[in-house]
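Enquirer: Okay, handing you the structure first.
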Amino acid sequence: MSGAPVPSRSRFVACLLLATVPALLATVGLTWGQFNERDVKKQINAQDTDQVWMLDFRFKDPRLITVDIPGRGKRVVWYMWYQVINNTKEARTFIPDFELVTLDKHTAHHDQVLPKAEEAIKRIEDPTGYLDIKNSVTIASHPIPVTKPDAAPRVVTGVAIWDDVFQKEPDTTRFSIFVSGLSNGWSRDDPKEKDGKEGAVRRKTLQLNFKRLRDRAHLDTEVKFLPPSEWIYRAVPLKGDENGKMEKEKDKEK
């Protein structure tokens, strides 16, 4: 008696996994896309003191989506998913600032809190709500809990959103994202090296460099991380601080 061929055991197992794994991931708030996370390695700088701490950081390459934002209309929004882990010995408050600097267009853009964009991003990155993705304000409302040695990481997930990058510089292909708030490291330049003028105030900041591979016509454009990640002491452009303004211009020229 003839019939349909019986699949081999290995093929049967493979088909079963393909059918069940996405559903299993969804039950714990994960998606296939969350496996492209990048971990940032800590780095000791010459300016660090014994009191300087750093939070661990992981991220996914920035993406673009189209969102209808009240009062602004349909906008192309850039965003970056990230997670923060506290492997220090004390709870730390993370007050982030994400500055996206276009290296080919010489513009700077700070992240914004946009509820409608958050909702759209959560539907993509966290459809079950398991990760409880936070914005740059809500992530600072509670300290990042300590992860104990040999314990599973206690991650806090967030998203940085830029609404004005595509509107102002849709053709940018090279940019850096500077993340501050991950460390308490600060320094000031030696006034002697500044002709007696007050030295620039610098903050320990994470720099991530990226390349965009396609133009404005492709919203599914691929954004590629250009390693390595770098910890730098970056000048803070304080009001009236010409040194900070000069340093900011140098960042743009890289």
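Derivation of every value follows stated rules applied to the coordinates shown; laboratory data play no part. Values in this document were obtained by computation on a predicted structure and should not be read as measured data. Neighbour counts run over all protein chains shown; Cβ positions are idealised from the backbone, glycine included.
Enquirer: What order do you get for 143-152, 114-123 when each peptide is scored by the mean count of other beta carbon atoms within 10 Å, highest first?
Expert: So the peptides 143-152, 114-123, ranked by packing, come out 114-123, 143-152.
Enquirer: Using a 10 Å cut-off on Cβ atoms, rank the peptides 62-70, 170-178 from the highest mean neighbour count down.
Expert: Final packing ranking: 170-178, 62-70.
Enquirer: Using amide H atoms built in the peptide plane, which far-off residues or other-chain residues are under 5 Å from Leu103 H to H?
Expert: Those qualifying (amide H under 5 Å, at least 5 residues apart or on another chain) are Arg174, Phe175, Ser176.
Enquirer: Suppose R0 equals 45 Å. What FRET efficiency, 1/(1 + (r/R0)^6) with r the Cβ-Cβ distance, do Glu119 and Leu226 give to the nearest 0.05?
Expert: About 0.90, to the nearest 0.05.
Enquirer: Once label points are set 7 Å from the Cα along Cα→Cβ at both Thr128 and Gln51, what is their separation, rounded to one decimal in nm?
Expert: Distance between the two pseudo-spin positions: 4.4 nm.
Enquirer: Further question on the same structure: On a 27 Å Cα-Cα criterion, which of the cross-link pairs Lys41/Lys74; Lys42/Lys105; Lys60/Lys148; Lys41/Lys168; Lys41/Lys224 come out too long?
Expert: Lys41/Lys74; Lys42/Lys105; Lys41/Lys168
Enquirer: Given +1 on the Cβ of Lys and Arg, -1 on the Cβ of Asp and Glu, and no further charges, what dipole in debye does region 41-253 carry about its Cα centre, rounded to the nearest 20?
Expert: Roughly 240 debye, rounded to the nearest 20.
Enquirer: Among Ile124, Thr173, Gly158, whose Cα lies farthest out toward the positive end of the dipole of region 41-253, if unit charges sit on the beta carbon of Lys, Arg (+1) and Asp, Glu (-1)?
Expert: Selected residue: Ile124.
Enquirer: Ordered by packing density, taken as the mean number of other Cβ atoms within 10 Å over each peptide's residues, highest first, how do 51-61, 103-113 rank?
Expert: Final packing ranking: 51-61, 103-113.
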